[in-house]
Amino acid sequence: MNLQLSVPLLVGRRIVLGVTGSIAAYKAADLASKLTQAGAQVDVVLSEAAQKFISALTFRSLTGRAVYTDSDLWSAEAHLLHVGLAQDADLLVIAPATANTLAKIAHGQADSLLTITVIAADCLMLVAPAMDAHMYENRATQANIETLQKRGITVIGPAEGRMASGLMGLGRFVEPQEIIGHIRLALGKGGPLAGTRVVVTAGGTQEPIDAVRTITNRSSGKQGYAIAQAALDRGAAVTLISAPTHLDPPVGADLLAVKTAKELQSAVLAAIPEADVLLMAAAVADFRPGQAKFEKIKRRKGVPKINLEPTEDILGLVTEAQQKEGLPRLIVGFAAESENLIANARQKLEEKGLALVVANDISSEIAGFEVDNNQVTLIDSEGGVQELPLMSKVEVAEVIIQRVLQLLESLE
Ligand code: CTP
């Protein structure tokens with residue numbers, strides 16, 4: 001269970017959501033719902049064609065706000081509405097955006113409430129095209145999209161796959177969660193971590209035994225991915241070095257996929273000369289099979305003996321590099337402990353030369369490995385100990401990144 005769905009970056013933000021006439025319009029309802037739950041004020045404008053696919057009532061029920069259609073263009077408030085809707089908006093997103101609407105806005109047409117709102121808007125603008133592959137590939141559509149991009153409008157997708165017509169190709173509406181990732185990226189730009197490179201490691205490494213078997217651990221990668229997202233929300237450039245997980249990487253992160261501790265080590269050492277902050281959330285194997293077999297070990301050959309050898313302590317190598325080169329400016333480590341939480345975590349902080357250690361008690365079943373929640377204690381190099389209550393990993397990530405911001409400020 002997620003304890004909290006709100007996203008600090010989105011709370012109180014005014015977002016105008018334009019919905020146009022594509023079969024993907026039903027997915028815009030999910031987008032409106034997710035944005036509202038995250039704390040944004042969502043004003044929906046429906047085109048004439050969109051109303052054939054989905055009703056204003058659907059959006060009114062999901063957003064708790066008035067929903068606008070072309071009939072409002074001629075109402076008593078029309079003179080305010082036609083330039084006012086996007087006036088104090090933080091962002092305008094058209095999702096789904098049809099070929100027709102893209103063409104209209106590329107050419108500055110203003111023949112509907114939505115296109116008038118677009119031409120009067122002075123805020124961040126995003127469009128998520130959705131159409132049949134042939135319509136998308138058409139040279140006119142391509143030229144219109146290029147025009148919009150040149151004007152600084154972010155074009156999200158489209159994705160590849162099966163379309164309502166049965167055709168396979170480019171033209172599918174990008175999933176709402178990913179559109180929210182683009183919205184966060186756009187709103188986060190220029191935030192307090194702008195100009196800062198943050199490297200996050202996440203997930204559990206896999207050490208091969210043979211062609212099919214590995215030694216791994218129960219890390220889901222959720223905490224690391226949430227930290228990467230929280231850093232992106234504050235405008236950081238983020239490198240996410242990820243061991244295998246089942247998660248979608250946050251939009252905007254530079255993803256480096258690794259499997260073994262050795263690969264993670266190489267990726268981290270290559271990334272840190274450019275890094276201001278390293279957050280080492282990955283659960284790295286401490287031991288690996290000495291000689292992995294390339295073929296599958298056969299049952300009939302009996303129970304094999306697996307000799308283990310140690311992996312390098314990556315944080316130890318990073319600290320050495322920091323002492324020589326001065327980067328990363330800040331190293332944050334994690335401590336997974338099943339006993340003596342504070343004492344063991346403090347020892348890791350000192351031995352590994354960390355500015356901050358995030359300690360969690362892995363013996364708990366409601367927090368830590370695999371689940372969505374975490375209960376951590378933050379210990380800093382000044383001796384400060386902050387015990388946090390049970391929170392979602394998303395909230396824990398927010399607190400950690402806030403601390404990183406404070407620590408970076410104290411270094412200046
Ligand atoms: N870590 C690392 N390299 C390793 C193992 C761990 O850099 N080979 C990092 C982890 O990413 C984490 C921190 O060190 O940020 C502590 O990891 P943890 O598994 O809690 O501790 P270990 O150092 O492995 O010590 P122990 O297993 O004995 O508790």
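The values are calculated or read from the model by the stated rules, or taken from the named source; none is laboratory data. Bear in mind that the values here come from a model prediction, so they are computed numbers and not experimental data. Virtual Cβ from ideal backbone geometry, glycine too; neighbours counted across all protein chains shown. When the accessible area is computed, the model is the full protein with side chains, heavy atoms only, and any ligands, DNA or RNA have been set aside. Shrake-Rupley method; radii C 1.70, N 1.55, O 1.52, S 1.80 Å.
Key figures for this structure:
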{"quantity": "Inter-residue pairs, beta-carbon under 8 Å, first crowded, with 16+ Cβ neighbours inside 10 Å and in region 378-392, second of a type in the set (Asp, Glu), 6+ apart", "calculated": "Ser392/Asp372"}
{"quantity": "Test: residue in region 193-206 that is part of a strand (DSSP E or B), touching a Pro at 6+ places or on another chain (Cβ under 7 Å) and surrounded by fewer than 21 Cβ atoms within 10 Å (Cβ to Cβ)", "calculated": "no"}
{"quantity": "Filter result for Gln265 (within 14 Å of the ligand (Cβ to nearest atom) and crowded, with 23+ Cβ neighbours inside 10 Å)", "calculated": "no"}
{"quantity": "Filter result (within 19 Å of Asp380 (Cα to Cα) and in a loop (DSSP other than H, G, I, E, B)) within region 327-364", "calculated": "Leu327, Pro328, Arg329, Asn340, Gly353, Leu354, Ala355"}
{"quantity": "Positions within region 323-347 being under 19 Å from Ile400 (Cβ atoms) and either of a type in the set (A, V, I, L, M) or more than 8 Å from the ligand (Cβ to nearest atom) (or both), in sequence order", "calculated": "Pro328, Arg329, Leu330, Ile331, Val332, Ala335, Ala336, Leu341, Ile342, Ala345, Arg346"}
{"quantity": "Given (1) open to solvent by 50 Å² or more (accessible area, probe 1.4 Å); (2) out of contact with any Asp or Glu (no Cβ under 7 Å at 6 or more places or on another chain), index of the condition Leu315 fails", "calculated": "(1)"}
{"quantity": "Subset of region 288-312 [β-branched (Val, Ile, Thr) and either open to solvent by less than 50 Å² (accessible area, probe 1.4 Å) or closer than 18 Å to Glu263 by Cα (or both)]", "calculated": "Ile297, Thr311"}
{"quantity": "Residues of region 148-190 classified as in contact with a helix residue (DSSP H, G or I) (Cβ under 7 Å, 6 or more places away or on another chain), part of a loop (DSSP other than H, G, I, E, B) and touching a residue at least 40 places away in the same chain (Cβ under 8 Å), total", "calculated": "2"}
{"quantity": "Selection count where residues are near the ligand (Cβ under 7 Å from one of its atoms) and either of a type in the set (Asp, Glu) or over 29 Å from Asn374 (Cα atoms) (or both), scope region 295-322", "calculated": "2"}
{"quantity": "Cβ-Cβ under 6 Å pairs, at least 6 apart or on other chains, region 21-44 side on the phi > 0 side of the Ramachandran plot, far side part of a loop (DSSP other than H, G, I, E, B) and surrounded by fewer than 20 Cβ atoms within 10 Å (Cβ to Cβ)", "calculated": "Gly39/Ser6; Gly39/Val11"}
{"quantity": "The one condition in (1) closer than 26 Å to Val11 by Cβ; (2) at pLDDT below 95 that Arg162 fails to fulfil", "calculated": "(1)"}
{"quantity": "The one condition in (1) modelled with pLDDT of 95 or more; (2) touching a strand residue (DSSP E or B) at 6+ places or on another chain (Cβ under 8 Å); (3) closer than 26 Å to Asp361 by Cα; (4) within 15 Å of the ligand (Cβ to nearest atom) that Arg218 fails to fulfil", "calculated": "(1)"}
{"quantity": "Among (1) closer than 30 Å to Gly368 by Cα; (2) more than 12 Å from the ligand (Cβ to nearest atom); (3) open to solvent by less than 100 Å² (accessible area, probe 1.4 Å), the one test that Ala281 misses", "calculated": "(2)"}
{"quantity": "Test result for Gln206, within 16 Å of the ligand (Cβ to nearest atom) and either outside the structural domain of Met125 (by TED's automatic domain parsing) or within 30 Å of Leu390 (Cα to Cα) (or both)", "calculated": "yes"}
{"quantity": "Members of region 318-329 found to be in contact with a helix residue (DSSP H, G or I) (Cβ under 8 Å, 6 or more places away or on another chain), open to solvent by 60 Å² or more (accessible area, probe 1.4 Å) and either without any contact (Cβ under 8 Å) to a residue 60 or more places away in the chain or of a type in the set (Ser, Thr, Tyr) (or both), listed by number", "calculated": "Glu325"}
{"quantity": "Qualifying residue in region 222-240 (condition: of a type in the set (Ser, Thr, Tyr), open to solvent by 30 Å² or more (accessible area, probe 1.4 Å) and more than 13 Å from the ligand (Cβ to nearest atom))", "calculated": "no"}
